[in-house]
1. Checking the condition in contact (Cβ under 8 Å) with a residue 60 or more places away in the chain and closer than 30 Å to Cys66 by Cα, which residue from Ala148, Ala177 passes?
2. What number of residues in region 133-183 are closer than 21 Å to Phe96 by Cα and of a type in the set (Asp, Glu)?
3. With the condition being under 22 Å from Gln58 (Cα atoms), I'd like the helices (runs of 4 or more DSSP H) fully within region 71-190 carrying at least 3 qualifying residues.
4. Kindly establish whether Ile87 is at pLDDT below 70, β-branched (Val, Ile, Thr) and in the same structural domain as Ile162 (by TED's automatic domain parsing).
5. Of the residues that sit in region 63-78 and are of a type in the set (S, T, N, Q) and more than 16 Å from Glu160 (Cα to Cα), which one is modelled with the highest pLDDT?
6. Can you find a residue in region 169-184 that is buried (at least 19 other Cβ atoms within 10 Å of the Cβ), polar (S, T, N, Q) and on the phi < 0 side of the Ramachandran plot?
7. In region 139-157, what residues are surrounded by fewer than 19 Cβ atoms within 10 Å (Cβ to Cβ), within 24 Å of the chain's Cα centre (by Cα) and not polar (S, T, N, Q)?
8. Kindly indicate whether any position in region 100-112 is of a type in the set (Gly, Ala, Ser) and either free of Cβ contacts under 8 Å to residues at least 24 places away in the same chain or crowded, with 17+ Cβ neighbours inside 10 Å (or both).
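The values are calculated or read from the model by the stated rules, or taken from the named source; none is laboratory data. Since this is a predicted model, take the numbers as computed values, not measurements. All Cβ positions, glycine included, derive from the backbone under ideal geometry; neighbour counts span all protein chains shown.
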Amino acid sequence: MRGVLGGVVWLLFASLTAWYLGYLFAVLVPKETITTSIANLQDIGKKPVLRAPVPKRQKCDHWSPCSPGNYAYRILSGGGKQKLAKIYHSGEMMTFIKNAPKGSLLLMATQDDGSTRLKNDAKKLIEELGSKEIWNMKFRSSWAFIAAKGFRLPDNIQKEKINHSDKKKNRYGDWPAEIQIEGCIPGNLI
């Protein structure tokens, strides 16, 4: 009986305290503040949600467009057994490079296997075009390169990239992952 009576007294005390604090709160807080707060809570569902637009691919599958008067480029080396970059016979390629007119852009890529299929004469010719990695190619290295014949490319663009086959890091076993270089070349250079 005492436990029930104690519970009733406690409930009565808690109710009176809550009522008094509510009354005190209502008297002390200005009416405008409460009205504004309630209105803001009700408007939460009505406020628009800003969403970013879906990214749009540009020329050469770039994420951002080149400036007007610039040319977009992208070189993919291939990756794994399914996405192969092709290499032409060195003799045909050497003739093509030598006969390319001044003002030409030359875009090259290898995957399997430029280290043995490119002969030293072809590597020398590519080095003369500005390659710094052509002699560093190893078995199944992926390599991408852009060169200019008869003019100089800007220093701020990526001209070359190489990825060596490493079984511990490769996504495709013995095959290196695809590499790419891309950018924009000012049209007034060509």
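1. On the way: Ala148 fails: in contact (Cβ under 8 Å) with a residue 60 or more places away in the chain.
Going through Ala148, Ala177 in turn, the sole match is Ala177.
2. Pass one, region 133-183, residues closer than 21 Å to Phe96 by Cα: 133-135, 143-153, 159-160.
Keeping just the survivors that are of a type in the set (Asp, Glu) gives 133, 160.
The qualifying residues number 2.
3. Details: elements: 90-99, 114-117, 120-128.
Result: empty, no element qualifies.
4. Details: at pLDDT below 70: yes; β-branched (Val, Ile, Thr): yes; in the same structural domain as Ile162 (by TED's automatic domain parsing): yes.
Yes, satisfied.
5. Our first condition is that a residue be of a type in the set (S, T, N, Q); within region 63-78, this holds for 64, 67, 70, 77.
Add one more test, that the residue is more than 16 Å from Glu160 (Cα to Cα), and what stays is 64, 67, 70.
Values: Ser64: 75, Ser67: 80, Asn70: 77.
The extreme case among them is Ser67.
6. Applying the first criterion (buried (at least 19 other Cβ atoms within 10 Å of the Cβ)) to region 169-184 yields 175-176, 178-179, 181, 183-184.
Imposing the further condition that a residue be polar (S, T, N, Q) reduces the set to none.
For region 169-184, residues buried (at least 19 other Cβ atoms within 10 Å of the Cβ), polar (S, T, N, Q) and on the phi < 0 side of the Ramachandran plot: absent.
7. We begin by selecting, within region 139-157, every residue surrounded by fewer than 19 Cβ atoms within 10 Å (Cβ to Cβ); these are 139, 149-157.
Subset that is within 24 Å of the chain's Cα centre (by Cα): 153-157.
The answer is Leu153, Pro154, Asp155, Ile157.
8. Initial filter on region 100-112 (of a type in the set (Gly, Ala, Ser)): 100, 103-104, 109.
Narrowing further to those that are either free of Cβ contacts under 8 Å to residues at least 24 places away in the same chain or crowded, with 17+ Cβ neighbours inside 10 Å (or both): 109.
The answer is yes, given that some residue of region 100-112 is of a type in the set (Gly, Ala, Ser) and either free of Cβ contacts under 8 Å to residues at least 24 places away in the same chain or crowded, with 17+ Cβ neighbours inside 10 Å (or both).
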